[in-house]
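The structure appears below as structure tokens.
The values are calculated or read from the model by the stated rules, or taken from the named source; none is laboratory data. If you're wondering where the values come from, they're calculated on a predicted model, not measured in any experiment. Ideal geometry is used to build each Cβ from the backbone, glycine not excepted, and the neighbour counts take in all protein chains shown. Side chains included, ligands, DNA and RNA excluded: accessible areas come from the protein's heavy atoms. Shrake-Rupley method; radii C 1.70, N 1.55, O 1.52, S 1.80 Å.
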Amino acid sequence: MANDLRNLDMNGVDSDGAARYESVLEKMFSFLPEAMDELDDLITHYPDFILGHIFKAYMLAADGRRSTLKDIARRVNDIEHLTGTPNLREKLHLDALKKWSENNLKAAIDTWQLILSMWPQDILAYRQFQGQIFWFGQKARALNLSAQLLPHWNEDTPGYWMFSSMHGFALEEMGHYDLAEHFARQALADNSRDLAAKHTLAHLYEMQGRTQDGIHFLENQTSSLNQHNAFRGHLWWHLALFYLEQGNVDQALALFDKEIYSVPSANYLDIQNGASLLIRLDFLGIDVGERWSKLVQGVTEIAGDSSIMFTELHNAMVIANNPLNSNFNGHINKVAASPLIRQESEFSIATQIMEAIAAYHSKQYQHAANLITAVKELHYQLGGSHAQQDVLSQYLIMAHANLNQWPQVVSLLKLRFMSRADHGSLTAIQSKLSQIEQVKSIDALLPLLAKVE
């Protein structure tokens, strides 16, 4: 038995193993690809290290594939038969993993929250909680939990940056931009490779309309981004959005080709990033060539197998833009027929939006608008950030625009504008709203669609 750097007991490992475990935690939460190999080496050296095995299973389950959960269930069984008696914290982690393997991720989230109520410095439980609750859109709960833990963390706490970068993101998603920037920059001061902190700053720039700041910041990271794992693609996606907001379509397309979706991939993040960028370009009337077809191979592998409904929406975008597809309804029915435990609502909302996406790309714009409007106050439950969810708002706006329903377009544009950051003076807000009120054509709409602020 040994303690981690935050004095939490761990079974099946000695002090040297505990130090190696801390190194793995830091590399994993910096999104460095070598972290998984180092975790494998650690488990090989300490075969009864309970938390090491659980950590490995958490990382595998996070691939967003329902089919993976069968392997996780086998791993739960193997962990239960390790030599040694787990302590209460380890038992609860194993219970969370078991619930996840049983298709009940919401119960796992509840268990991580329980762990943190007793051990507020359990960074593994904290990062799992924050990473998975994101896909249910529970932004207030994410910040509330993080704020409850804050008194137990400070700059003298080992690994503080692993907490502060995610706390910063929780603040950003709830609109507390100044505080969010403080925590993100604090995390980067402690660990310059903290990709989560860089991600938080990218969101801050996006939500505040600081497009040039976003480009400057991310361009300064380009030499190091590809040192990270697949999450790096999402930072490239943010940079492409900033370029798109400035009207630099060529740069956005170049980033798609070189960094965002350069090779076929069934990774859910790659699919989300690729499809989300392409549909935004399509809405703006940009010819994206054969790029939609590049995503088909990955989507064919993962479609209907996603445990993250936000991914299924992006799968639907790719399928709808594939002229060879002939079974969109079959795909939607497959998703609708097998909701995960406690996710009936999310699956119902997702399948309705998928139907709307199919209708939109079949030019059934009124049907698409009706379907999205019926759930537009609910689709936050499917997860994703405010910046990512904006693509669904754009679908609804464009459906109305294609019907020449300009009062509806203006109303949605105003709501979209006001939901963003502090817009400055009242005069500036009134000026922007007046500009929106003049939108009565696609040509007038598209500049506002590309850039919210």
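With a cut-off of at least 2 residues that are within 30 Å of residue 285 (Cβ to Cβ), name the helices (runs of 4 or more DSSP H) lying wholly within the stretch 164-248.
Working: elements: 177-190, 195-207, 211-219, 222-225, 232-245.
Correct list: 195-207, 211-219, 222-225, 232-245.
Of the residues 202, 196, only one is modelled with pLDDT of 95 or more and within 24 Å of residue 37 (Cα to Cα); which?
Values: 202 fails: within 24 Å of residue 37 (Cα to Cα).
Exactly one of 202, 196 is modelled with pLDDT of 95 or more and within 24 Å of residue 37 (Cα to Cα), namely 196.
Condition first: surrounded by 19 or more Cβ atoms within 10 Å (Cβ to Cβ) and more than 20 Å from residue 450 (Cβ to Cβ). Now tell me which residues in the stretch 382-404 satisfy that.
Within the stretch 382-404, 382, 383 meet the criteria.
Is it the case that residue 106 is closer than 30 Å to residue 339 by Cα and in contact with a Lys or Arg (Cβ under 9 Å, 6 or more places away or on another chain)? Outline the logic, then answer.
Details: closer than 30 Å to residue 339 by Cα: yes; in contact with a Lys or Arg (Cβ under 9 Å, 6 or more places away or on another chain): yes.
So residue 106 fits the description; yes.
Looking only at the stretch 84-105, count every residue that is under 25 Å from residue 134 (Cβ atoms) and in a loop (DSSP other than H, G, I, E, B) and tell me the total.
3
Just checking, does the stretch 125-135 include any residue being open to solvent by 10 Å² or more (accessible area, probe 1.4 Å), among the aromatic types (Phe, Trp, Tyr) and touching a residue at least 60 places away in the same chain (Cβ under 8 Å)?
yes
Give 279, 271, 308 a once-over and let me know the one that is out of contact with any Gly (no Cβ under 6 Å at 6 or more places or on another chain) and either open to solvent by 10 Å² or more (accessible area, probe 1.4 Å) or in contact (Cβ under 8 Å) with a residue 24 or more places away in the chain (or both).
Values: 271 fails: out of contact with any Gly (no Cβ under 6 Å at 6 or more places or on another chain); 308 fails: out of contact with any Gly (no Cβ under 6 Å at 6 or more places or on another chain).
It is 279.
I'm trying to understand the selection: among the residues of the stretch 101-124, which are surrounded by 20 or more Cβ atoms within 10 Å (Cβ to Cβ) and without any contact (Cβ under 8 Å) to a residue 24 or more places away in the chain?
Hits for the stretch 101-124 are 111, 112.
Report those helices (runs of 4 or more DSSP H) wholly inside the stretch 1-79 carrying at least 3 residues which are touching a residue at least 40 places away in the same chain (Cβ under 8 Å).
Values: elements: 15-28, 34-45, 50-61.
Of the helices (runs of 4 or more DSSP H) lying wholly inside the stretch 1-79, those with at least 3 residues that are touching a residue at least 40 places away in the same chain (Cβ under 8 Å) span 15-28, 50-61.
With respect to residue 303, determine if the residue is small (Gly, Ala, Ser), within 22 Å of the chain's Cα centre (by Cα) and modelled with pLDDT of 95 or more.
Details: small (Gly, Ala, Ser): yes; within 22 Å of the chain's Cα centre (by Cα): yes; modelled with pLDDT of 95 or more: no.
For residue 303, the condition - small (Gly, Ala, Ser), within 22 Å of the chain's Cα centre (by Cα) and modelled with pLDDT of 95 or more - is not met.
Mind listing whichever residues of the stretch 153-167 are open to solvent by less than 20 Å² (accessible area, probe 1.4 Å) and among the acidic types (Asp, Glu)?
Once the filter is applied, which keeps residues that are open to solvent by less than 20 Å² (accessible area, probe 1.4 Å) and among the acidic types (Asp, Glu), the stretch 153-167 yields nothing.
Could you say which residue among 340, 378, 324, 392 is modelled with pLDDT of 95 or more and of a type in the set (A, V, I, L, M)? Walk me through how you get there before you give the answer.
Working: 340 fails: modelled with pLDDT of 95 or more; 378 fails: modelled with pLDDT of 95 or more; 324 fails: modelled with pLDDT of 95 or more.
After applying the criteria, what remains is 392.
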